[in-house]
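Trainee: Below is the structure I would like to discuss, written out as structure tokens.
The values are calculated or read from the model by the stated rules, or taken from the named source; none is laboratory data. Here the structure is a predicted model, which means the values were calculated and not measured. Glycine also receives a Cβ, built like all others from the backbone with ideal geometry; neighbour counts cover every protein chain displayed.
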Amino acid sequence: MTPDQSLLDLSDTFFSISVALYSVALVAFCAELAFGRRPAAARELVAAGGGPAPEAPADGPEASGRAQRWGAIAIGLTVLGALTHAAVLVCRGFALDRLPWGNMYEFATAVVLVAVLAYVVLAVRSPALRHIGVFVLAPVVLGMVAIGLFLYVEGGPLVAALRSSWLAIHVTAAIVGFGIFLVSGIASVLYLVRTKAEQKPAEERGTGFVARLPESSVLDRLAHRTAVFGFPIWTFAVIAGAIWAESAWGRFWGWDPKETWSFIAWVVYAAYLHARTTAGWRGRPAAWVNVVGLVVMVFNLTFVNLVSSGLHSYAGVE
């Protein structure tokens with residue numbers, strides 16, 4: 001089948017629009033943090049004479065109203081960005097008459113979309129989580145720019161090894177699991193930053209962006225629950241990949257670099273979930289394990305695909 005070039009061009013246009021919308025949403029999230037309410041400890045310190053009262057209190061009704069408006073704008077722009085982001089893959093899929101994750105450009109674009117959708121759902125269900133929007137959208141924008149600059153390939157047919165119904169099963173599960181783990185890892189990084197700030201005396205915590213993050217317990221629950229949700233999906237992806245490997249290559253497992261690092265990621269996330277229930281490992285130690293899991297996932301996506309050689313070398317990047 002000859003690719004529909006007009007749809008491929010439209011897909012590329014939607015990609016640029018998505019980056020622009022996410023960038024503006026990031027600015028709006030920054031404005032929400034700037035106008036957000038200061039923590040109670042800081043307000044009490046000012047009231048007790050611990051420092052001069054600001055001319056325009058950051059937690060006044062006017063500032064709070066501005067913060068809510070900026071937050072609503074940020075979420076709205078993020079939703080619009082997600083819609084155009086989804087259109088990137090939809091147009092590319094129709095143009096090529098196949099699932100739009102047959103190379104690294106398409107796979108990475110889909111992973112970032114899943115992360116954005118996961119964040120939007122969480123932010124709508126729990127408005128307090130809107131305050132982490134800056135830290136979700138910043139890597140999203142950077143990731144999208146990097147994908148467009150370094151991973152983009154012209155639309156084309158699937159390589160022979162990927163022409164299987166298992167593509168819809170194995171790769172889709174991997175995309176969803178990776179996207180959810182991305183949100184979980186960001187939550188753990190913020191948890192580590194928040195708990196470090198909370199260990200300081202109240203008068204030393206300041207009123208910066210860290211003080212406006214959700215409580216450490218909220219971030220810890222977010223990291224744990226998203227990991228719990230993503231872990232069985234990633235487990236299924238690994239198992240489905242092994243079944244596909246047996247069908248394609250006559251063996252379930254061959255310690256190919258992609259297989260090996262996917263299994264390492266599975267072990268790390270299993271260790272994280274176990275650490276969350278183990279005395280002495282709860283809190284910061286467990287969060288560090290989750291961060292390591294995210295690093296392994298990113299390493300598996302980038303280095304293993306772009307540098308190492310193996311049976312899974314389908315990046316499609318020249």
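Trainee: Which is at pLDDT 90 or above and farther than 24 Å from Ser216 by Cα, of Gly102, Gly50, Gly93?
Mentor: Details: Gly102 fails: at pLDDT 90 or above; Gly50 fails: at pLDDT 90 or above.
Result: Gly93 is the single residue among Gly102, Gly50, Gly93 that is at pLDDT 90 or above and farther than 24 Å from Ser216 by Cα.
Trainee: While we're here: Sort out which residues of region 105-145 are without any contact (Cβ under 8 Å) to a residue 40 or more places away in the chain and under 17 Å from Val189 (Cβ atoms), and write them in order of number.
Mentor: Leu142, Gly143
Trainee: Which residue, of Ile186, Ile233, is surrounded by fewer than 24 Cβ atoms within 10 Å (Cβ to Cβ), within 21 Å of the chain's Cα centre (by Cα), modelled with pLDDT of 95 or more and among the β-branched types (Val, Ile, Thr)?
Mentor: Ile233
Trainee: I'm checking my understanding of the structure. Among residues of region 261-284 that are at pLDDT 95 or above and not hydrophobic (A, V, I, L, M, F, W, C), which one is surrounded by the fewest Cβ atoms within 10 Å (Cβ to Cβ)?
Mentor: Tyr269
Trainee: Shifting gears a bit: For the condition crowded, with 16+ Cβ neighbours inside 10 Å, at pLDDT below 90 and aliphatic (A, V, I, L, M), what is the one hit in Leu213, Leu222?
Mentor: On the way: Leu222 fails: at pLDDT below 90.
On inspection, the qualifying residue turns out to be Leu213.
Trainee: Are any of the residues in region 96-103 within 18 Å of the chain's Cα centre (by Cα), touching a residue at least 24 places away in the same chain (Cβ under 8 Å) and not in a helix (DSSP H, G or I)?
Mentor: Of all residues in region 96-103, those within 18 Å of the chain's Cα centre (by Cα) come to 101.
Filter again for touching a residue at least 24 places away in the same chain (Cβ under 8 Å), leaving 101.
In the following step, the residues that additionally are not in a helix (DSSP H, G or I) were identified as 101.
Scanning region 96-103 turns up at least one residue that is within 18 Å of the chain's Cα centre (by Cα), touching a residue at least 24 places away in the same chain (Cβ under 8 Å) and not in a helix (DSSP H, G or I).
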